[in-house]
Each structure stands twice: as structure tokens, then as C-alpha cells.
1. What are the membrane-span-like helices in the chain by this rule: whole DSSP H runs, Cα extent along the axis at least 20 Å, mean Kyte-Doolittle hydropathy at least -1.0?
2. Show the residues, 5+ positions off or on another chain, whose built amide H is closer than 5 Å to the amide H of I233.
3. Among R133, R45, R391, determine the one that fluctuates most according to a GNM of the chain built with springs between C-alpha atoms less than 10 Å apart.
4. In a GNM of the chain with a 10 Å cut-off on Cα contacts, which of Q240, Q129, Q103 has the highest mean-square fluctuation?
5. Whose amide H sits under 5 Å from the amide H of F363, counting only residues 5 or more places off or on another chain, with H placed in the peptide plane?
6. May I ask you to sort D368, D300 by Cβ crowding, counting other Cβ atoms within 10 Å and putting the fewest first?
7. Tell me, in nm to one decimal, what length is gained between D361 and E67 on full extension, where the rule is 0.36 nm per residue of separation less the Cα-Cα distance?
8. So if I average 1/r over every pair of distinct C-alpha atoms in the stretch 295-336 and take the inverse, what Kirkwood radius in Å does that give?
Amino acid sequence: MSANKKVAILHFAGPPIVGGVESTIYHHAVLLVEAGYKVQVIAGRGGDFSAGVDFQSLPAVDSRHPEVLEIGRELADGNVSERFESLRDRLVEQLRSLLTPAQTCIVHNALTLHKNLPLTAALKILNDQGVVRFLAWCHDFAWLDPLYTPHLHPGYPWDLLRQVWQGVHYVAVSQYRRDLLAELLGIQPQTISIVTPGVDVFTFLDLDSLVQELARKLDLLQSDPLLLLPARITRRKNIQFAIQVTAELKHSKPRATLLITGPPGAHNPRNLAYLESLKSLRRKLQAEKDVHFLYELGVDDQPLYLPDESIAGLFRLADLLFFPSRREGFGIPVLEAGLARLPVFASNIPPVRESAGHLVDTFDPSADPQKIARSIASFLDGDRTYQLKRRVVERFTWRAILRNQVIPMIQEGVPS
């Protein structure tokens, strides 16, 4: 593996310790491995947390290590003792052997927070010697916190926390924190990258492993919008209309995606012929990458049957329930969409009117597909909840952050 594929991540503590920084380390490390990087996490506390991530325990990196705490008490009194210098020099040698193989080291907080000043001083020596290129993730600033400033003193090593280190690229987690850091270091804010923490969509939405697998395989997080049609494949479900609407919707929303969840209806052999006609229509409309019959996605050519918990997960993941049935006994999916707070576009048929009244958008199931596609696009363009979701998915998931910001920064060493 080439040197530019080797990344170290350093912090006082690492996963599975629970904390905001530790969560960032977890997601960055796991996704960097997935992206083909060799990742080593160096921390004073924590342990192995993911296959493929090399966890290196270095106790004296910990902000709570007994020796670090004792030296911290001396430093709070303004005393830079031989014990400080001894630990600093030991850390230099220990870290040198770990960091030399890496091209980049992401170091969290140690360049701006005083919780382990021997570590800070050791990193300064390693940086000056060019052992590794540092990306400094700066969450907290000791010199700007009135709780900490009484324990800080002018001069070395405290001033390391408010000085610009040559060759280091600084990162803040928000514009507000970036502006504070720029003021502290006396540099232009635009020289500091902003890389926010992220959200884990799959975990937050409580998606089971099957839905997660489908989302990855079909790249569903990039769907815009994701239309859900939970139905068996029978003619009364009017699925051809859903395919036509999706194809028309793609003119204004090129990443529109339709999921049909069920298999062919079990009680009419003509349903298989109906499925083949739907596939033919999909080919004709050049929508094969946009319309998915989940029934076909089983393992080893076996049909895929989705359990209730997976269907519920798809409701939470989708952007809109599209329900174009010509006839229904009642229409349970409309009620389920209500529980999931999922907007509904449904046929104007008696069961839908009975269950949902005026609280869903309805249409004539024989209408012009282009007209319905325009209605859906207009609704989504005015729906702030949908717009916020797209903003989160495109900018604030861990995967998007890694792809759009972290990896370019590792590769180029410049603000992304």
C-alpha cells in the first residue's frame, strides 16, 4: 500500500469510549478503511472497535494518565519540570515509530487544548522534524476558555496552544469555532477548513441490515426523491402509471427513484405476465436504473421477501408514498405513511378519501403522468422538511463529509 493511503488518527481517547470526538474518530476511521485507506488510531484509552482499523494503545497519550495528571498539576502552578521534559521526550520516540509510516496524521484537540501538554510539546517536535503531515482538528481552545485560562501561563509550553505551527492544516467544526480559532492564532479564517460532525442515517433511522444493504446496493441515499410503492405486483395497483410518473419526474429531478416492494400477486398466474410488461415499459422509458422491483434482489436468484420491520424502515427512508391503485379494500400503506410522517400522493379513490380525507394529495389514477410528475416536483420544491433532509444527506452524513472534505484534505493537504 502506498504511503498516501496510510492515515493515523490521534486523540487522548478513542472508541469505544463515548464522546463527540470519539464518535468522529469512529466514523472517519471506519469509512476511511472502506475507502481503501490503512488506518491507525493512536489513543491513551479505548480499544479495538472495528475490523480493519489498527488500534494502538499509548497510555501516556491519555489526558487522565496518572503521570500526565501529576505533570498537569505542576504546570498549573507554572512549573515546567524535568518530569514534563522526560515524558515529552518519551512520547516523541514512541510516536515517531508509529507515525513515520503514515503520510497524514489527524490529531484531535492536542494542538489547542492543555489536557496533555507533554503530548502537545512532543507533537510540536515531530512536526518541526517533518515526521508526518498533521491535520489539526480543533474542537476546544484552552486560551479562550475562562475555566482553563487560570491554569495557563505565558511562555513554553502553554504558548504552543495559541501559535500557528508551520505546515499544519487547521480544521474547525463550525464557522463560529473557525472564527474563534482564527482570532486565537492570528490568521485569516479562510485558511482554516470547516468540517462538521455528521449523522449516521442508517443508525438514526433504525434501518435493519436488509434495508441498509438495499440502500448501499441501489445508492438510495442519493435518490432525489425516493418514491415508495409498497404493493404486490397486480394490475389493480396501477404500477405502470407509477413507472410513467417516475420517468416524467426525472426531467426535473434526474435522481428520482421508485421502489416497488412486493412480489407478483400469488393468486393470479397472469401477474407474472404483468410483471414482464412492467419490465418492458421500464426498458422503453429508459428507467431501468431508476425503478426497482425489490422482489428481484434476493440472493442466489431467490426472490426477496421483505419482513415488516424492513418495510417500516423503507417508510422512514423514503421521501414520498406513491399510491396509484385503481381499487383498494382499504389502503393500509396510507395509514402507515401517516405514522411515519411520510407525504402521500395517492389515487382519489373511496378508501383513501375515507382513511386520509383531505390530509393527502390525491390524483386521478387515469390522469396524464406528466401532470402528476409536475405536481410531485412542485410539492417537493416547496416542502422545507424534504429540502432539509436532502441538505443533511448531501452535506452532513459521515459518508458525504468524508467523500467531499476529509479525503480531499488528506490527498491534497489544502482546504476542500
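Taken together, the values in this text are just the output of simple stated rules run on the coordinates, not laboratory data. In this text the structure is predicted, and so the values were computed from the model without any measurement. Please note: Cβ atoms are built from the backbone with ideal geometry, for glycine as well, and neighbour counts cover all protein chains shown.
1. Details: long enough: 20-34 (21 Å, 0.66); 82-99 (25 Å, -0.62); 270-284 (21 Å, -0.95).
Helix filter hits for the chain: 20-34, 82-99, 270-284.
2. Long-range HN contacts for I233: G265.
3. Of R133, R45, R391, the most mobile in the Gaussian network model is R391.
4. Largest GNM mean-square fluctuation: Q129.
5. For F363, whose amide H was placed from the backbone, the distant partners under 5 Å are A346, S347, N348.
6. Values: D368 13, D300 4.
Fewest-to-most Cβ neighbours within 10 Å comes out as D300, D368.
7. Working: separation 294, 0.36 × 294 = 105.84 nm, distance 6.60 nm.
Length difference between fully extended and current span is 99.2 nm.
8. Details: mean 1/r = 0.0811 Å⁻¹.
One decimal place: 12.3 Å for the Kirkwood radius.
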